[in-house]
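Engineer: Pasting a structure below so you can have a look.
Please treat every number below as a calculation from the coordinates, not as lab data. None of the values given here were measured: they were computed from a predicted structure. Please note: Cβ atoms are built from the backbone with ideal geometry, for glycine as well, and neighbour counts cover all protein chains shown.
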Amino acid sequence: MMSKIKDITSRLKDLEPQKNKLQLRMIDCSKSNRIKERQQPTSLEIETQVYGRDKDKKTILELVFNGDDDGNFVIPIVGMGGIGKTTLAQLVYNDATVHDHFDLKAWVCVSDDFDVTRITKAIFQAVTSEPCNDNDLNSLQEKLKNKLSGKNFLIVLDDVWNENYHDWTILQSPFLTRTPASKIILTTRSFAVSSTMGASFAYSLEVLSEDDCLSVFAQHALGAKDFEGHPNLKEVAEKIVRKCNGLPLAAKTLGGVARTDIDLEGWEKILESEIWKLSDHRFDIIPALQLSYHHLPPHLKRCFAYCSILPKDYEFQEREIILYGGQKAFYKKQEISIFEGIGEVQHLRTFLPFSLSNFWSCFVTNNVLTHLLPILRCLRVLSLRGYQISKLPDFIEDLKHLRYLDFSCTQIKCLPESVSNLYNLETLLLRECEMLEKLPSDMENLVNLCYLDIQGANKLEGMPSNICTLSDLQTLSNFVLQKGKGCQIRELDALSNLKGQLYISGLENVVETQDALKAKLHEKSGLDKLELMWSEDFGNRNGVIETQVLHLLRPSEKLKELRLKGYYGVRLVEWIGDSSFNKLLSLYLEYCPNCTSLPSIGQLPLLKKLFINRLDNVTSVGVEFFGMNAPNAFPSLESLEFRGMPKWENWNFCEVNEEAKKFSNLRELRIVNCPELLGSIPENLLSLEKLVTWNCKKLVISIQNLPMLSELDVQGCQEIVYKGFVDHSSLKRVCFSRIPKFTCAAEWLTLGSIKVESLKIEDCEELCSLQENSWGLLTQSMSLGELSIGKWSQLVSIGAEEEREELMQLKIPCTIQKLTIRDCERLEKLSTTLHYISSLRVLQLWSCPNLLSLSNYNLPSNLKSLVIVGCTNIRCLLEEGENVNLSSACLLELLYIDNCPSLVSLSSRGELPTRLKLLEIYNCEKLEFIAEEIQDNSSLEVLGSLGVEILSIYLKA
């Protein structure tokens, strides 16, 4: 052992001068854009018991509840790393009194990447509890401001480092109209950060007392608050804790180390470790963390060695760590600035791409492929993932030590045959190689291959022969069958160690049905997901053979997800609904055009999701679907979707058990593109939260006894029968489109109890004309945030006008934030009453040919976004009164105009709103000019145009 240590020491000394000779330098990789959703501390408390922070918590709570002036809006918790700032913030955030006091709460881990868009988006998603795909900062901040308006909110910004005042002013702009009781708590190591954010007071968090620190150590070492059960360990524990200097993270970390060896000798080794001598007074936490690493088993140390080469805050997936860290290699980080003397880095072990841009697809120079890589003979890990590469030089065979090879997301058509000579290769990744046509023919030589991922390589013609000899293969994403003498399905027999997901395509090429039995899928208990796919070319297909093949491909009963696609048999085999598949969670049946009936699926005990698509010949769904005499059908089903069933006419419940047809746990039901389906959907779906039916023109939708319904989307159906909701209905989103008939009971007038937030009605003339309801009463009674109206032929005015009949005008609820009007051919104007709806931020007008102009008097006072499309007769967008200065009075920030061929000017005064940031104009051939001049105080950032005279696009000539 000593000789090895001396040899390594000697090599390290030799490398030191070579580093300078090669001009190696460290590259700052701290600004990776892949950190957007990296794992961060969350608002959930991870400590079952917190010691020594009761007084601190009480002080922060007093600041939260008692200070309502601007100086107390931001409450900083300042302290060194590991002192417990995040833990204290979690205690406050989850306190019951805080929960009752605030309407909205959000927790965001900021870290050192102070990306305003990311942080704003995270806050918005937290307060809405909904995903958001919007990456436009202006739009995000508008949405957030509207959501926070009038609400008491608490936002925690954890681990803030940024001291840039400008960044903070941008981030806090949605908070300017906050309620006095709203608060932001931030945790930081820097008092400068708290000053930048305008805090009048920063709470400095102190270290724990020795007693409290000892309790933290005991909790994590022994699972107890003291040493009553291990009195012999208390003395050495006290000595260890003194070295933690009152830092709870250090005590917790060392407690975790001590937990693995609860005896006096083991703890004394921790106390006497030489690592304590490395302490830097600026970072007293470091020795404790080093000790934690020191006590890791060797295989986990290798994973940490791999992590050391990653750029700071680099986001990686669990699978990536497993595949990299599982390689029997030592990873060494060497960052090369030039290629001079490149031969001296021939011992490099790892070559990985880390994308530091927003674009995953990157380019690599020929120097790397032809000169650098061929001489790196010691490489264990090589990845060229995402690079624009279509052909690889044949240098691979020289890299005999490779364990991991990744060419995913490249344009290669084939791999060099020499890949077959990489006898040590364990992982081969070719994911999303869309141009890949073939694999190396001698892959049986890759005797150590464990992981082969060819998912998304859809041009692959087949598998190489003798792939069955790869007995160590654990993951095979796809198994492609081809015509002729290629690899046969029976070769799956020898791959007994397969785990995870398996996708078998080309099943129409199976000629000998017994080959399917020889594949022994039923013995592959490690598979969680199985997809069986036939071609969508149904010429010269034999449905009888395909039925026999499917019957013999019965998988293990431990399967969790099954997908079938392109099957040409007349019936689906019985094992698909066999109750012995008691772990099956998801079932997808797609494009089986010859099937005339559904299998009995109702007895699958854990099935949660069922998706049935394009079973073209099914005409009826009845008792066979549920199971004969089955009182408890679909006991776990949460999502059911029928799609693209052109001949389905009847959903027959006559012989179905009463309990069975209640779908007791069903939360989402979708029926899409089933034009011949008659009758109605099941009734009394007590757990249903989302109902979607599209293009089922003969279907009657009966809305009754749906107490949990939150989203209703009905488009292109025959009739809506409304029979009332229970009080305090949870309904939030409603969409009715292309429905010719509405049958409504007297309860229609009780809609005031429904807290609908979004309502969309298009091409429903009868609903818009209901005399007994008076459409104005309907919209006024709801707590609407979004309203969309389309194809209302009688609508003349938006907002109330005394001279108009009620049925010709649209009354707007005072809570509205977004209003969209489409295809209303008689619409002439906006009412002056619209100006006083201060909540309206977004107005969109599409295809309203009678609309001639808008008036600043009529625009909502706080309108931020205006979209005008296809209003063919509008001439002057904004007409202003004598005493109105549009440039200063209007708050508009976004203006989008398209296909308004009669438009001559944007405003009668030739001015733009000074707050306008984005202006886009397309296909407005008669527009003479945009503005007389653009003021110095203009906020305009983006100006786009198409179909406007170029010489006058910016200013009037």
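Engineer: What are the ³J(HN,Hα) couplings of the range 432-441, residue after residue, when phi is run through the Karplus curve with 6.51, -1.76, 1.60 and θ = phi - 60°? Round to Hz, x for glycine and proline.
Structural biologist: 6, 7, 5, 9, 5, 10, 8, 9, x, 6
Engineer: Next question. Alpha carbon centre of the range 570-601 versus the range 642-720: separation in Å?
Structural biologist: Cα centroid to Cα centroid, the span is 21 Å.
Engineer: Another one. If you place +1 on the Cβ of every Lys and Arg, -1 on the Cβ of every Asp and Glu, and leave all else neutral, what size is the dipole of the range 583-706 about its Cα centre, to the nearest 20 Debye?
Structural biologist: With only Lys, Arg, Asp and Glu charged at Cβ, the dipole is about 320 debye.
Engineer: Mind running the shape call on the range 465-600? Use the C-alpha gyration tensor, a ≥ b ≥ c as the square roots of the eigenvalues: rounded below 1.5 for a/c, prolate if a/b tops b/c, oblate otherwise.
Structural biologist: oblate
Engineer: Something else now. Under 1.5 on a/c is rounded, so check that first for the range 608-665, then, if it is not, pick prolate when a/b is larger than b/c and oblate when it is not; a ≥ b ≥ c are the square roots of the alpha carbon gyration tensor eigenvalues.
Structural biologist: Judged from the Cα gyration tensor, the range 608-665 comes out oblate (a/c at least 1.5, b/c at or above a/b).
Engineer: Which whole-number percent gives the relative contact order of the range 370-516, counting Cα pairs below 8 Å spaced six or more residues apart?
Structural biologist: Value for the range 370-516: 16 percent.
Engineer: When the Karplus curve 6.51 cos²θ - 1.76 cosθ + 1.60 is applied with θ = phi - 60°, which whole-Hz ³J(HN,Hα) does each residue of the range 154-167 get, with x for Gly and Pro?
Structural biologist: 10, 10, 9, 9, 8, 6, 8, 10, 5, 10, 7, 4, 4, 4
Engineer: Sticking with this one: Using θ = phi - 60° and the Karplus relation 6.51 cos²θ - 1.76 cosθ + 1.60, list the HN-Hα couplings for the range 261-267 in order, rounded to whole Hz, with x at every Gly or Pro.
Structural biologist: Once θ is set to phi - 60°, the couplings for the range 261-267 become 8, 7, 8, 4, 5, x, 6 Hz.
Engineer: Of the cross-linked pairs Lys121/Lys391; Lys252/Lys583; Lys58/Lys864; Lys6/Lys239; Lys698/Lys760; Lys499/Lys647, which ones have a Cα-Cα span greater than 30 Å in the structure shown?
Structural biologist: Check vs 30 Å cut-off fails for Lys121/Lys391; Lys252/Lys583; Lys58/Lys864; Lys6/Lys239; Lys499/Lys647.
Engineer: Let me ask another. Using amide H atoms built 1.01 Å from N in the peptide plane, name the residues 5+ places from Lys760, or on other chains, whose amide H lies under 5 Å from its own.
Structural biologist: Excluding prolines and chain starts, which carry no amide H, the hits are Val734, Cys735, Phe736, Ser788.
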